[in-house]
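Structure, as structure tokens:
No lab work stands behind these numbers, since they all come straight from the coordinates. Note that the structure is a prediction, hence the values are computed from the model and not measured.
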Amino acid sequence: MRFINQIIREPMSGIPLTSPMTLKGEEAWLEATLGQIRKRSMVLLVLEIDGRIVGSCSVQRRMWKEKHRAQIGIVINKCARGRGIGEIMMRTTITLARKRMSGLELIDLVTYSYNSRALALYKKSGFKRVGCLPHAVKENCRYYDDIFMVLHLDDLIKKG
């Protein structure tokens, strides 16, 4: 709970949550997350440094006719940024998702246009920009765009 609440309090964090996570909220999230992991519809990688959670990355499979797709999300605490941790977590989480989720073809994401650090990480990880929703987010009385990106897993196989 401390980890996500630190991120939420950061200005321009890139997280859509606006109020701190409660213990009850975290318990509900954990129960739902563990259920999805057991069903192999989600993988979650958590990074600890000195006993403190400083990062998490998850891939969550979509349902029904979109079952060939999953959405990725990553959060790195300020104290752990700029060390290449995000790139390692993305690569590891995608590898785990490919092993655990048979039939997975695409991984997509949405990020905010102001999050240049995240955009650089996603591009470096092989994601391609496929769309933009102007003025999707309002933060600090300013509007920002949602940027949509996708990774075709076949492209990773071809690269190697």
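Under 20 Å from the Cα of LYS123, which aspartates and glutamates turn up, not counting those fewer than eight places away in the same chain? Partners found: GLU87, GLU105, ASP108, ASP145, ASP146, ASP154, ASP155. Building the convex hull from the alpha-carbon atoms of region 2-159 and averaging its projection over directions returns 10.0 nm². Under 17 Å of direct C-alpha separation, and excluding same-chain neighbours fewer than eight residues apart, LYS39 reaches these lysines: LYS67, LYS99.
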